[in-house]
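Okay, so here's the structure we're looking at.
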Amino acid sequence: MSEMCRRDPRREWIARNRLHPEHASALAALGSIGGGGAASEWLGPSGVLRRNPHGVGFIGPNGVKRIDRSGAQQGGSAPGHGRQAVQQDRRRHVEISDPAFLVAVVPDLTGGRLSGHDKDLLGLARRLADDDPERPGAVLAVVFGEHKEERLGEAGIDRVLHLGAETYAGFAPEARLAALTAVERELAPRHWLLPDSPLGGADLGRRLAQRLGERPVTGVWQIEADVEAPLGWRCTARGAAERLDIRRPLPRVALALAECAEPVDETRHAAEPLSLGAAVPIALSRIEDLGQVAVDPAGVALAEAEFILSAGNGVKDWEGFHHAARVLGATEGASRVAVDDGFMARDRQVGASGTWVTARVYLAVGISGAIQHLQGIQGCDRVVAINLDPGCDMIKRADLAVIGDAAEILAALVAKVEQQRGGQRDAA
Amino acid sequence: MRPEQQGIEMAVLVSVGRHPITGRARRADQDARGLELALCLEGRLPGSRIGLLHAGPRSEESEAALRGYLGMAADAGTGLNTLTLLEQPEGSDAIPALADHLSAAMPQLVITGTRAELGEGSGLLPYALAERLGWPLVNGLAAVEKVENGVATLLQALPRGQRRRLQVRLPAIICVDAAAPAARQSAFGPARRGELEATPGAAELDHELAGWQVAPALKRPKRLKIIRAASARDRFKAAAAKAEGGSGQVLEGVSSEQGAEAIFTLLHEEGVLRS
C-alpha cells in the first residue's frame, strides 16, 4: 500500500460542515484514513500550517468535549492512542564506553531485588562517577547469587559483574570477600560503596576494608566535593551511637546509610555484563551455613514479619483462615473491622491506628482497602488481594488480585501447598 | 552416652557506654549482652573461664562503668571478680593493645558488642581483630547453641525475626547486637568488691581520628517528594493522585483452583513458602 496521502477536498468540506446530511459518514471515512480521528494540524498546499480547532480534543463521557492540553493527545486521536505517548520513556540513555575510573557498588539485593537503600547508594555512586562530565566514571555493581531485578540499568548501573556461583549463597562472607579481593586486583575501582545495613553490606564492607588495609568510613549520610581531600570528596558520617557527626575526607571504602543520596531517575544506563578474567580463588571457609531455622511465625512481631496473611470483613471462615496461616507459615494480620468485631487481637491490626508493616509479601483476604489500611501497607513489596468486589481500592493497590470467594480460594491454596510438600516428602 | 563436656576459655571485650538520655557513663548495652551470653554459656559448659577485657584510659567515671560488668557475675558463682584493664592514654588506638593481649592469652571465643557507644563507634574493632589474628568472625549473634570439639554452633539473627544456624571453627570472634538476650541486672556490692587489674597497654595514638571534625549530630533532613513534571497538569495529578497500582494483574471469573495456582506461583517466586 502506498504511503501517499490523497486528499478529498469535498469530503473534508462535508466533514467540516456539521449540518450536512453526510457529515457523520464523511467524518468516519476521514477518521479511518487519518489513523483514528481527524487531523487537527496539517501543512497546507502553500506551505502554511492549517489548524482545525474542531479536531482537537475528544468527547468526554458526558457528551461534553474535553481538551487535554498535557500534550498526551495529538489532534483528535482516540484516547488509547495518547496513553502510549504518556508512558513513553523520556529518560536519557547514557552509555559510558571508556570510563576514566570505576565506582564499585555491592548492593544487598534483599530478596533478589534492589532495595531502597541499594537505590540510594547507586544514586551516591552516580554522584561520584558523574562529577566531571569530561571524564565520567562508570558504576560497577558486583551482584552475588541469583537475582530477579530487571531494572539494573534504570537504577544507574553501567557494568554488572554477576557472581552466581553456589558458594556465594547464604552467609558466605569469606567466599564473597575473596571475590571482592579479586575484583580489586583486576579492576582496581577508585571507590568502594556498600550499604551500611546489618548482615549485608555492613559486615562485608568492614571485612573488605580490613583486607584492603583501608580505614573505611561507616554510616555516611552526606558527601560534598572538596579539592583538598585525596579523592576529591568530604563526607559526613554518624558516630558514637548516632550522636556524633564526623566530617572527614572520603576514603576509598565507604559504608553509607539509607537516604544518603537521591536515587537515579533521569537517566538509563547500559548495565553491560562484565566478567573477571581470572577465576576467583576458592577461599577455605571456616564458617558453615546450616540454613535457616524455622521460627514460629506467630511469635514474629507484625512490624517486621516477612509474610503476612491478613483478614478483613470478607472472611467468614475463621478456622480456615487460621489453618491457612499455619500451613503457609505466615504471620497473621487483620484490618480494623476484623479486630473491632472481636475476631482478632488488637495487636494484629494493620493500618494507621495499628501497625505499619514492612512485609515482603502481604496477602490480603477480604479486605477492601480503606485508606488507613493502605497507609499501613505502604512499605510492602508485593501485595496479593483476594476479594469479591473487583472495584475496591485494595485491588488497585495489589500486584495480583483474585476475584472470588475467599474461603474457597484459601482452601484451594492450602491444598496446593500441602500437596506440594507431600510430594517433596515422597521424593525425599 | 553423654559427650564429654569440656570448658572453654572466653574473653569478653567490654567498653564504656553512655546512657542515651542522661549521658552518664554506664556499661554499654551490647557489651553487657555479650557478657550475658558468656555467663549463660559458662552455666552450660562447666569448667569454662571468662575473662573481661577493656582497653582505655582509667578514670573515676570509666571505672564506675566498668564495675557494672563485674556486678553481673555476682550470683553466677563463677569467681569472675577481676577485669583486665589495658591502660592507655586518652585518644589511643585500642586495636593493637587488644590484639597483643588476645594473641598472648589465646582464648577460644572472643565476644564483643557490635558498635561502641562512645568515640568513632564505627564497629570496626572486631573486624580489625579478626583480620590481625586470622580468626573467623560472625556478627549479629542471637545465641550459642553448643560448643563441641572445637566447633561452635551458633544462631545468627536475620532481619524480620528469622534465625540462621552457623557452625564456626574455634577460635572465633562473635559480635552480638540487640537480638541477643537482654543483660541481667548489675549488683552493686559485687561490683564494688571486684578488682580492676590494670596493666599498661600499647599506646599508639590514633592520629587520623584526631584530624577529623567531630560535632554533635545534626538532624538529618527529611527527604522531600520531588516531582519533576513538564506541565501544570502533571504536577496537579502528582499532588492529587490517589495510590493506584495500575500495573497489577487482576484475575476475574476464574475458578478458585486457578486463583490459588496464581497466588501459589507468586508466593513460590518470592520464596516465602518454607517447606
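Couple of notes before you dig in:
- Flag if A:P107 is within 23 Å of A:R360 (Cβ to Cβ), part of a loop (DSSP other than H, G, I, E, B) and away from chain B (no Cβ under 14 Å): yes
- Of all the listed residues (A:L194, A:L204), the sole one being more than 9 Å from every other protein chain (Cβ to nearest Cβ) and closer than 20 Å to B:R132 by Cα is A:L204.
- Residues that are out of contact with any helix residue (DSSP H, G or I) (no Cβ under 8 Å at 6 or more places or on another chain) and either in a loop (DSSP other than H, G, I, E, B) or surrounded by 18 or more Cβ atoms within 10 Å (Cβ to Cβ) (or both), drawn from region A:221-233: A:W221, A:Q222, A:D226, A:V227, A:E228, A:A229, A:P230, A:L231, A:G232
- Of the residues contained in region A:341-359, none is found to be at the interface with chain B (Cβ under 8 Å from one of its Cβ atoms), at pLDDT 90 or above and touching a Leu at 6+ places or on another chain (Cβ under 9 Å).
- Considering the conditions (1) within 14 Å of chain B (Cβ to nearest Cβ); (2) of a type outside the set (D, E); (3) in contact with a Pro (Cβ under 9 Å, 6 or more places away or on another chain); (4) closer than 23 Å to A:E306 by Cα, A:Q210 is excluded by exactly one of them, (4).
- Matching strands (runs of 3 or more DSSP E) fully within region A:250-292 where at least 1 residues are under 18 Å from the mean Cα position of the chain (by Cα) and either within 10 Å of chain B (Cβ to nearest Cβ) or not hydroxyl-bearing (S, T, Y) (or both): A:267-269
- Check on B:R58, assigned to a helix (DSSP H, G or I), among the basic types (K, R) and touching a strand residue (DSSP E or B) at 6+ places or on another chain (Cβ under 9 Å): no
- Matching residues, region A:264-306, being within 21 Å of A:D118 (Cβ to Cβ) and crowded, with 20+ Cβ neighbours inside 10 Å: A:V264, A:H269, A:A271, A:E306
- For region A:408-423, residues that are more than 7 Å from chain B (Cβ to nearest Cβ) and surrounded by fewer than 21 Cβ atoms within 10 Å (Cβ to Cβ) total 8.
- Test: residue in region B:149-157 that is within 9 Å of chain A (Cβ to nearest Cβ) and touching a helix residue (DSSP H, G or I) at 6+ places or on another chain (Cβ under 8 Å): no
- Tally, over region A:368-426, of residues that are of a type in the set (G, A, S) and out of contact with any helix residue (DSSP H, G or I) (no Cβ under 7 Å at 6 or more places or on another chain): 9
- With respect to the conditions (1) part of a strand (DSSP E or B); (2) more than 30 Å from B:P216 (Cβ to Cβ); (3) modelled with pLDDT of 90 or more, B:K146 lacks only one, and its number is (3).
- Some residue of region B:132-142 being aliphatic (A, V, I, L, M), assigned to a strand (DSSP E or B) and touching a helix residue (DSSP H, G or I) at 6+ places or on another chain (Cβ under 8 Å): yes
To keep it simple, each residue is scored yes or no on (1) modelled with pLDDT of 90 or more; (2) assigned to a strand (DSSP E or B).
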| position | (1), (2) |
| --- | --- |
| B:P89 | no, no |
| B:S103 | yes, no |
| B:T112 | yes, yes |
| B:G121 | no, no |
| B:L166 | yes, yes |
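- The number of residues in region B:230-275 that are more than 7 Å from chain A (Cβ to nearest Cβ), in contact with a helix residue (DSSP H, G or I) (Cβ under 9 Å, 6 or more places away or on another chain), modelled with pLDDT under 75 and farther than 25 Å from A:G379 by Cα comes to 0.
- Contacts under 9 angstrom Cβ, first residue in region B:32-52 being free of Cβ contacts under 8 Å to residues at least 60 places away in the same chain, partner part of a helix (DSSP H, G or I) and surrounded by fewer than 23 Cβ atoms within 10 Å (Cβ to Cβ), 6 or more apart: B:S48/B:L41; B:S48/B:E42; B:R49/B:E42; B:I50/B:L39; B:I50/B:L41; B:I50/B:E42; B:G51/B:A105
- Looking across region A:161-197, just one residue is assigned to a loop (DSSP other than H, G, I, E, B), surrounded by fewer than 22 Cβ atoms within 10 Å (Cβ to Cβ) and in contact with a Gly (Cβ under 6 Å, 6 or more places away or on another chain), and that is A:A169.
The values are calculated or read from the model by the stated rules, or taken from the named source; none is laboratory data. Since we're looking at a predicted model, the values are computed, not measured. With ideal geometry, Cβ positions are generated from the backbone for all residues, glycine too; neighbour counts draw on all protein chains shown.
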